[in-house]
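Notes for the one structure printed next.
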Amino acid sequence: MEGKNNGLARGILTLILIVAVFSGILYGVNAYTAPIIEWNDNAALLAPLYTLLPDASGFELLYDYTAPENSSLKDVPSTVRYIHAISENGGYALQLSTTEGFTGDPIDLSFAVDADGKILNAQVDAYPDTKDMGVDEYPLTYIGQDSALADVSIVAGVTYSSSAFRRAVADGFFALTENGLVAEGYKDPVQALTEVLPVVFPGIANNAGVVQTEEIQSTGDKFNSAMKSTIDTGAAFFAGEGDDLYLITVNAFGTVKAYDTKGREITDSVPAEALEQAKADAAASAKDFLKKDTRAFKKLTGDDMELTALSLDTFNSVTGAYKLVSGGNTYYGFTSRTFGFGDMAIVTRYVLDENGAIVKMNADELILEKDYFSNYTLDETSYKEGFQGITESTFTGDETLITGATMTSNAVKTAVQDIFEAFQNLKENGGI
């Protein structure tokens, strides 16, 4: 019996020794490989920066988007992935990623600034879009620019990707200036108002955020410039003098608002005659879509439909809002004009019930320039029926997808978001 116990004890001791040996080996392997793994991870992270600044001696990580709580930097936009301090010159290097390009796939980029906030270099690190904006040349136009980005333009024909690049750089500068790392660059009033316009009036810009306007005539002398949307979503006017320029916007319903160069609403502070003149000039240049909308909504709801035009103070793509009564039921109709391929108008209409659910959807033309594009998949009847029952809370954006027609998909997605905003606007203002 004693021999059996001794044998068992020796077996247990042997097992303990084996476990200890293997634990030691694993510890040793981990102690050896962990620094290598960390070094490889750091090397992969910093590789684009050494391409950006080949003579840099090192970088100190100040912000990591995967662990923002570990950084003292605040209000960093989601496009900004990493912010590094450059060891030798007091500047900063940033790595960013944006999905606002043509395809919606990530465009990765990086740029570096010196201590004065001037761009030392910029580059594209990953570019999935089929249209080349000049990935080697375009970033070089940013060298020497400060946060104002005053002399940087977008690339004609590749507006989505080049403007996505520009907005990402602007986001990077925002992170730097908001945290006091570099000084904010000076924007002259015209540039400032030009950048404010698509923010306060998104319906006058395409999905890349680029304003699409043409000049219009003003009957008075109140404005430095007057312009209307190329697809008739509204008008905008620059007024004032010197550094006191301001912006007046007029939507398709005649609602007027004014903003300063910081994007703050100042409607109550603007001379009433300037607001009235802007409204009159916008009306004189606007097209009347009432008859066309009436015919279109009768097709959707029935010939017995009675239509009452409503007003909105939203500044998106919605150009028509109506109360529709048909068959004893009350509905609400909305017409949206969004920018599709070639920044041409895609006109869609939606009928919503009193709870805000889409009952029917139709479009004048979903695929523009059909002679040039055939690589898309679209069953129009099924596509339109797919919107039935969707509400603001259930809408995901996937319902608008047309394979091979990105521009149309994005335009319809914007339209649906805008008509839901319009419906809520009516509810808030007693229109429903």
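The values are calculated or read from the model by the stated rules, or taken from the named source; none is laboratory data. A quick note: this is a predicted structure, and the numbers were derived from the prediction, not measured. Every residue, glycine as well, gets a Cβ built from its backbone with ideal geometry; the counts of neighbours run over all protein chains shown.
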(1) at pLDDT 95 or above; (2) closer than 21 Å to Asp116 by Cβ; (3) among the acidic types (Asp, Glu) all hold for Asp64 apart from (2)
One residue is enough: does the range 313-324 have a residue meeting the conditions out of contact with any Pro (no Cβ under 6 Å at 6 or more places or on another chain), surrounded by fewer than 16 Cβ atoms within 10 Å (Cβ to Cβ) and among the aliphatic types (A, V, I, L, M)?
no
Can you tell me which residue within the range 372-407, out of those that are within 23 Å of the chain's Cα centre (by Cα) and surrounded by fewer than 16 Cβ atoms within 10 Å (Cβ to Cβ), is nearest to Arg349 (Cα to Cα)?
Thr391
Answer with yes or no whether Thr408 is in contact with a strand residue (DSSP E or B) (Cβ under 7 Å, 6 or more places away or on another chain), touching a residue at least 60 places away in the same chain (Cβ under 8 Å) and not charged (D, E, K, R).
yes
Hey, Leu366 hits all of (1) surrounded by 21 or more Cβ atoms within 10 Å (Cβ to Cβ); (2) part of a helix (DSSP H, G or I); (3) free of Cβ contacts under 8 Å to residues at least 60 places away in the same chain but one; which does it fall short on?
(2)
For strands (runs of 3 or more DSSP E) lying entirely in the range 311-354, having 1 or more residues that are touching a His at 6+ places or on another chain (Cβ under 9 Å) picks out none
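Can Pro202 be described as touching a residue at least 40 places away in the same chain (Cβ under 8 Å) and farther than 26 Å from Gly340 by Cα?
no
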State all residues of the range 170-216 that are closer than 18 Å to Val80 by Cβ and among the polar types (S, T, N, Q); if no residue qualifies, say none.
Thr177, Asn179
Which of the residues belonging to the range 127-179 are farther than 20 Å from Leu52 by Cβ, surrounded by fewer than 16 Cβ atoms within 10 Å (Cβ to Cβ) and at pLDDT 95 or above?
Glu178
In this structure, is Lys279 crowded, with 16+ Cβ neighbours inside 10 Å, at negative phi and not in a loop (DSSP other than H, G, I, E, B)?
yes
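Give Thr255, Thr261, Thr230, Thr249 a once-over and let me know the one that is outside the structural domain of Val416 (by TED's automatic domain parsing), touching a Pro at 6+ places or on another chain (Cβ under 8 Å) and surrounded by 14 or more Cβ atoms within 10 Å (Cβ to Cβ).
Working: Thr255 fails: touching a Pro at 6+ places or on another chain (Cβ under 8 Å); Thr230 fails: touching a Pro at 6+ places or on another chain (Cβ under 8 Å); Thr249 fails: touching a Pro at 6+ places or on another chain (Cβ under 8 Å).
Exactly one of Thr255, Thr261, Thr230, Thr249 is outside the structural domain of Val416 (by TED's automatic domain parsing), touching a Pro at 6+ places or on another chain (Cβ under 8 Å) and surrounded by 14 or more Cβ atoms within 10 Å (Cβ to Cβ), namely Thr261.
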Which residue out of Val155, Val113, Val169 is in contact with a Gly (Cβ under 7 Å, 6 or more places away or on another chain) and either among the charged types (D, E, K, R) or closer than 21 Å to Val211 by Cα (or both)?
Val155
